[in-house]
Amino acid sequence: MTPARREKLTGVLNRRQNNLTVVMENVQDPHNISAVMRTCDAVGIQDIYILNTKIPRHKKWGSKSSSSAVKWLTVHEFDDAKVCLAELRKGYEYIYTTHLGADSVSVYDIDFTKKVALVFGNEHDGVSDDIRAMADGNFIIPQMGIIQSLNISVACAVSIYEAFRQKNLAKHYNTPSLPQEQMKSLLNEWKVYGED
């Protein structure tokens, strides 16, 4: 690996965030998953969670929409909701689900300087009742139109860019947040990949 390549990869790892993640529950279209992956990489999310309780695990993601982002992320796959949520609880203080309900808060009212996991649901049914019952609350993206929903990849992008804005203001990107051992391991993984 050239010194310039090492510097680039190390710079990315130094800005990766260990206190923000995205969970996709029963998302059917692999291109939606891949588009979310690409946005997660863009804002410095390293770990993402894919929960499939009603559909089979995906064999592959939509490579065109991800621009190969999956190779730069750590993907955790689950087929049991309780196990997935228990794992999330180990690293995140708050779990919020996208849900249009009377108790939902605006995404702009979430404090993203805390350790937060955001759950996005199935394209047709949204987040399941089971997951909502185990979460800490629901959030919405304020909208002014007739249709009160967005494509999952768009909803995720809007949400995690609000997280990016808050975290950037709080200078979270100025110091590394991943554990040193994880950074070393990822650098060893990444050095085999070519330029993107």
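Taking first residues from segment 153-173 that are under 12 Å from Asp111 (Cβ atoms) and partners that are among the basic types (Lys, Arg) and open to solvent by less than 30 Å² (accessible area, probe 1.4 Å), no Cβ contact under 6 Å between residues at least 6 apart in sequence or on separate chains turns up.
Each residue in segment 75-84 was checked for being touching a residue at least 40 places away in the same chain (Cβ under 8 Å) and within 22 Å of Gln182 (Cβ to Cβ), and 1 pass. When segment 1-60 is limited to residues that are within 22 Å of Ala81 (Cα to Cα) and out of contact with any strand residue (DSSP E or B) (no Cβ under 9 Å at 6 or more places or on another chain), the one that is surrounded by the most Cβ atoms within 10 Å (Cβ to Cβ) turns out to be Ser34.
In the set (1) within 20 Å of the chain's Cα centre (by Cα); (2) more than 28 Å from Val12 (Cβ to Cβ); (3) not acidic (Asp, Glu), Gly101 fails one condition alone, (1).
Total residues in segment 7-26 satisfying the condition of being more than 26 Å from Asp111 (Cα to Cα), out of contact with any Leu (no Cβ under 8 Å at 6 or more places or on another chain) and not acidic (Asp, Glu): the figure is 1. Specify the residue that is nearest to Leu20 (Cα to Cα); the eligible residues are those in segment 48-97 that are among the hydroxyl-bearing types (Ser, Thr, Tyr) and at pLDDT 95 or above. Among residues in segment 48-97 that are among the hydroxyl-bearing types (Ser, Thr, Tyr) and at pLDDT 95 or above, the one nearest to Leu20 (Cα to Cα) is Tyr92.
The values are calculated or read from the model by the stated rules, or taken from the named source; none is laboratory data. Given the structure is predicted, the values throughout are model-derived calculations rather than measurements. Positions of Cβ are backbone-derived with ideal geometry, glycine not excepted, and every protein chain shown enters the neighbour counts. Note: accessible area is taken over every heavy atom of the protein model, side chains too, but ligands, DNA and RNA are not part of it. Shrake-Rupley method; radii C 1.70, N 1.55, O 1.52, S 1.80 Å.
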